[in-house]
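Written out below as C-alpha cells is the structure these notes cover.
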Amino acid sequence: MRSDWQVGCSALLLWVSAIAWAGPPGGAATAHDGPWFNTKNCKNLEKSWATSSGAYSRDDSTKITCDLQIHICGDVVERSQDVDKSQGCPASLKYKSVPVRVVCCDKWRNGQTAGSQCNGMVDADCDGIPNQDDDEPLTPSQPKAATPAH
Ligand SMILES: [Ca+2]
C-alpha cells in the first residue's frame, strides 16, 4: 500500500517522501568496503539514512523524476533518474533499498581530502562504481582486488 498526497502546486505532484531510520540487514563492513564503514577506534559515529521521492514534470507529463538522497555524516549522496510514468520509480531509487550503515564520520571526511584513494561523495562504497550509476551505493558490488583461488 502506498499513501498518496498531492502538493497544492499544479506543476508538481509529490507522492513519495519518507525517511528511513531502519532498513534491510547488511550493515556490516566487508573486506572490499569503504574505509568509513570500519568503525574500529572511531569516536565520531553516525548512522546513514535515506529519503526518496518522485515528481511529475510540468514539461513532460509522461515522465517522473525519481530522486534518492542518502544522508551520511551531514553530506547528501544523491541519485536521480527520469522514468516513464507508467513504470514508477525503480526499487533501487527507493529509500527502503538502502541499508542503514554505521559510518565513521572522521574517515568519511578524510576520504574527501586530496590524496584519498576513494571519495564517498563520488563512490560511497568504494567499489569503483560511481554513486549515480550504482544501484546499491552503500553495498560494494565488485571486489577491488582479485579473490584468491581455492
Ligand atoms: Ca559504488
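A short reminder: the numbers here are calculations on the coordinates, not readings from a lab. It should be emphasised that the depicted structure is a prediction, and the values quoted were computed from it without experimental measurement. Virtual Cβ from ideal backbone geometry, glycine too; neighbours counted across all protein chains shown.
Between D135 and A114, what FRET efficiency follows from the Cβ-Cβ distance if R0 is 35 Å, with the result rounded to 0.05? Intermediate values should be presented prior to the final figure.
On the way: r = 29 Å, r/R0 = 0.84.
It comes to 0.75.
For each of D133, D127, count neighbouring Cβ atoms within 10 Å of the residue's Cβ, then give the residues from fewest to most.
Numbers: D133 9, D127 21.
Ranked by crowding around the Cβ, least crowded first: D133, D127.
Label points 7 Å out from Cα along the Cβ direction at D106 and V122: separation in nm?
2.5
Quick one: length gained pulling H32 to D84 fully straight, 0.36 nm per residue minus the C-alpha distance? Walk me through the intermediate numbers first.
Numbers: separation 52, 0.36 × 52 = 18.72 nm, distance 3.48 nm.
The H32-D84 span can extend by a further 15.2 nm.
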